[in-house]
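The values are calculated or read from the model by the stated rules, or taken from the named source; none is laboratory data. Treat the numbers as computed from the prediction; the structure is a model and nothing was measured. Here the Cβ is made from the backbone with ideal geometry for all residues, glycine too, and neighbour counts use every protein chain on show.
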Amino acid sequence: MVKKAIADLKPYTPEDTLDALKQREGLSKLVRLSANENAFGTSPRVAEALSKWGFTGANRYPDSNMTTLREAIASRLNVSADALVFGNGLDEILALLSRTLVEPGDDVIVAEPTFSEYALNAVVEGATMVDVSVDSDGVTDLASFTNAITPKTRMIWICNPNNPTGTFVSKAEIAAFMKTVPASVTVIVDEAYIDFTTVEDDPSALSLMAQFDNLVVLRTFSKAYGLANFRVGFAIVSPT
Ligand SMILES: Cc1ncc(COP(=O)(O)O)c(C=O)c1O
């Protein structure tokens, strides 16, 4: 028998593809905004590299350690290669984090509104969602997150910048918030849109990981890199 949490889920109805939508609406040009895809397309340099790939190794399983990508990202972000966990898009990482960390009856804190998949995965694991309303400017309200923490809290999601409000909390604010969070609670900062921020030179929470073992940072190639079709996302976790 299917878990009750899954039976109770509302079925996800995938949107039409852009081509199907255009056809249905009889339009020659249409920009789909709801999936936050990169409207500028993929870099021509990526297209060129792909065309040179040539399918010679397509019959072989890929390197499951993703060594080349792992080393390139580790060096680019200045993190240990062991700290990287890759997924089939960030979607898979979101599910894995909930599956690994959340027990039935745990509390999981999220902003309201935020990316809906945090709640979906937590609910599947039997967690109770604690929704904390964004402030009147649509900004994730970290002071109210702190007030919502109880001994049952297991995980806290910060989408930064937040989908769908597009607002941003600074690294200093996240650092101050982390000091209020017990070490047993994992805080996940989803930086799917971090490359679009212009407010700070180094807007990422990544550098805070040296101070806080319970901080996880997420990135994806789907947005700024224009590679949503490739399904590559990753977590940077504390190796301990
Ligand atoms: C905040 C946020 N996190 C994660 C994802 C999923 O990204 P991916 O394409 O890497 O699965 C999205 C996709 O829209 C998103 O908006």
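Observations on the model:
- Residues that are surrounded by 15 or more Cβ atoms within 10 Å (Cβ to Cβ) and either within 19 Å of Glu191 (Cβ to Cβ) or of a type in the set (Gly, Ala, Ser) (or both) within segment 109-125 comprise Ile109, Val110, Ala111, Pro113, Thr114, Phe115, Glu117, Tyr118, Ala119, Asn121, Ala122, listed in sequence order.
- Residue within segment 223-238 that is at pLDDT below 95, away from the ligand (no atom under 16 Å from the Cβ) and touching an Asp or Glu at 6+ places or on another chain (Cβ under 6 Å) present: yes
- First in segment 1-18 and in contact (Cβ under 8 Å) with a residue 24 or more places away in the chain, second anywhere and part of a loop (DSSP other than H, G, I, E, B) and surrounded by 11 or more Cβ atoms within 10 Å (Cβ to Cβ), Cβ under 6 Å, 6 or more apart: Ala5/Gly126
- Pair list, Cβ < 9 Å and 6+ apart or interchain, from segment 148-166 residues that are without any contact (Cβ under 8 Å) to a residue 40 or more places away in the chain and closer than 25 Å to Asp202 by Cα to residues that are near the ligand (Cβ under 9 Å from one of its atoms) and of a type outside the set (A, V, I, L, M): Pro161/Glu191; Pro161/Tyr193; Gly166/Tyr193
- Residue check for Phe86: within 16 Å of the ligand (Cβ to nearest atom), outside any helix (DSSP H, G or I), at pLDDT 95 or above and in contact with a Gly (Cβ under 9 Å, 6 or more places away or on another chain): yes
- Pairs where the first residue, in segment 90-118, is over 18 Å from Asn214 (Cα atoms) and free of Cβ contacts under 8 Å to residues at least 24 places away in the same chain and the second is surrounded by fewer than 20 Cβ atoms within 10 Å (Cβ to Cβ) and among the polar types (S, T, N, Q), C-beta under 7 Å, 6+ apart: Glu112/Ser133
- Being surrounded by 10 or more Cβ atoms within 10 Å (Cβ to Cβ) and either of a type outside the set (Phe, Trp, Tyr) or within 16 Å of the ligand (Cβ to nearest atom) (or both) is a description that applies to Lys3.
- The listed residue being away from the ligand (no atom under 16 Å from the Cβ), in contact with an Asp or Glu (Cβ under 7 Å, 6 or more places away or on another chain) and of a type in the set (S, T, N, Q), out of Ser170, Ser204: Ser170
- Some residue of segment 63-82 being more than 28 Å from Asn214 (Cβ to Cβ) and surrounded by 13 or more Cβ atoms within 10 Å (Cβ to Cβ): no
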